[in-house]
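Colleague: Below is one structure. I have some questions about it.
The values are calculated or read from the model by the stated rules, or taken from the named source; none is laboratory data. All figures in this text were calculated on a predicted structure; none of them were measured in a lab. Quick reminder, even Gly has a Cβ in these numbers, built from the backbone with ideal geometry, and neighbours come from all protein chains shown. Ligands, DNA and RNA are excluded from the accessible area calculation, which covers all protein heavy atoms including side chains. Shrake-Rupley method; radii C 1.70, N 1.55, O 1.52, S 1.80 Å.
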Amino acid sequence: MKNKTIQVNYKEGNDLTAFDAKTKDLIEQTIAFSKNAYAPYSNFHVSACLILDNGKVVKGTNVENASYPVSICAERTLLSHTVSNYPSNKIEKIAIYVDKNLSEPVPPCGVCRQTLLEVEKRQEQDIEVILISQSGTYIVFEKCSDLLPLYFDGEAL
Ligand code: THU
């Protein structure tokens, strides 16, 4: 048996001026959109917004339900809507924001990572993922597959 190591590459920072104007605008829209989250049970307000190759910004939030497992994360609200409504556009980047007093950005759950991966594989173009915290710190992944080492995808089927 051999020891193996997987390296995960990402960038982190706390200075939004490091982004170009389009990306900064996406981040600002994502932060503002968390007010639309429907999260009366967890009080954990998440927003996710993306930019398409035609410049359009698409937005989503988590949407909870009194029957807790029926709830859906912001990332999957956003991706389902985008895949259904913009089937011929590619996604360039996604920003994700949690409106909670935390010093670090919150990474997406495993189910959302798997969903991000599916969309990235389908469009055959990397999607940048930007995680933003309330304190202004951020983490940037160049592509969704960096969030899911040893991923499962359709190739195996
Ligand atoms: N949530 C998201 O929207 N995205 C994630 O990646 C993790 C969790 C939501 C689901 C639920 O409404 C609340 O956060 C608490 O789990």
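Colleague: Whether any residue in segment 93-104 is basic (K, R), surrounded by 14 or more Cβ atoms within 10 Å (Cβ to Cβ) and assigned to a helix (DSSP H, G or I) is what I want to check.
Modeller: The answer is no; no qualifying residue exists.
Colleague: Can you find a residue in segment 109-123 that is within 14 Å of the ligand (Cβ to nearest atom), in a strand (DSSP E or B), at pLDDT 95 or above and surrounded by 16 or more Cβ atoms within 10 Å (Cβ to Cβ)? Please lay out each step first, then the result.
Modeller: Of all residues in segment 109-123, those within 14 Å of the ligand (Cβ to nearest atom) come to 109-117.
With the extra rule that they be in a strand (DSSP E or B), the set shrinks to none.
No, segment 109-123 has no match at all.
Colleague: Of all residues being open to solvent by 60 Å² or more (accessible area, probe 1.4 Å) and under 17 Å from the mean Cα position of the chain (by Cα) in segment 64-92, which is farthest from the ligand (Cβ to nearest atom)? Just the residue, please.
Modeller: K90
Colleague: Just the residues that are within 11 Å of the ligand (Cβ to nearest atom) and either among the polar types (S, T, N, Q) or open to solvent by 50 Å² or more (accessible area, probe 1.4 Å) (or both), please, taken from segment 53-63.
Modeller: T61, N62, V63
Colleague: Separate question: Quick check: is even one residue across segment 94-103 without any contact (Cβ under 8 Å) to a residue 40 or more places away in the chain and either under 17 Å from the mean Cα position of the chain (by Cα) or within 10 Å of the ligand (Cβ to nearest atom) (or both)?
Modeller: Residues of segment 94-103 without any contact (Cβ under 8 Å) to a residue 40 or more places away in the chain: 101-103.
The next check asks that each one be either under 17 Å from the mean Cα position of the chain (by Cα) or within 10 Å of the ligand (Cβ to nearest atom) (or both); those that pass are none.
No, segment 94-103 has no match at all.
Colleague: Within segment 20-33, track down each residue that is touching an Asp or Glu at 6+ places or on another chain (Cβ under 9 Å) and farther than 14 Å from E92 by Cα.
Modeller: Result: I31, single match.
Colleague: Inspect segment 16-38 for any residue being aromatic (F, W, Y), over 19 Å from H81 (Cα atoms), more than 16 Å from the ligand (Cβ to nearest atom) and open to solvent by less than 90 Å² (accessible area, probe 1.4 Å) and give the result as yes or no. Let's see the steps before the verdict.
Modeller: Filtering segment 16-38 down to residues aromatic (F, W, Y) leaves 19, 33, 38.
Imposing the further condition that a residue be over 19 Å from H81 (Cα atoms) reduces the set to 19.
With more than 16 Å from the ligand (Cβ to nearest atom) added as a condition, the list becomes 19.
Add one more test, that the residue is open to solvent by less than 90 Å² (accessible area, probe 1.4 Å), and what stays is 19.
Checked against the condition, which is being aromatic (F, W, Y), over 19 Å from H81 (Cα atoms), more than 16 Å from the ligand (Cβ to nearest atom) and open to solvent by less than 90 Å² (accessible area, probe 1.4 Å), segment 16-38 yields at least one hit.
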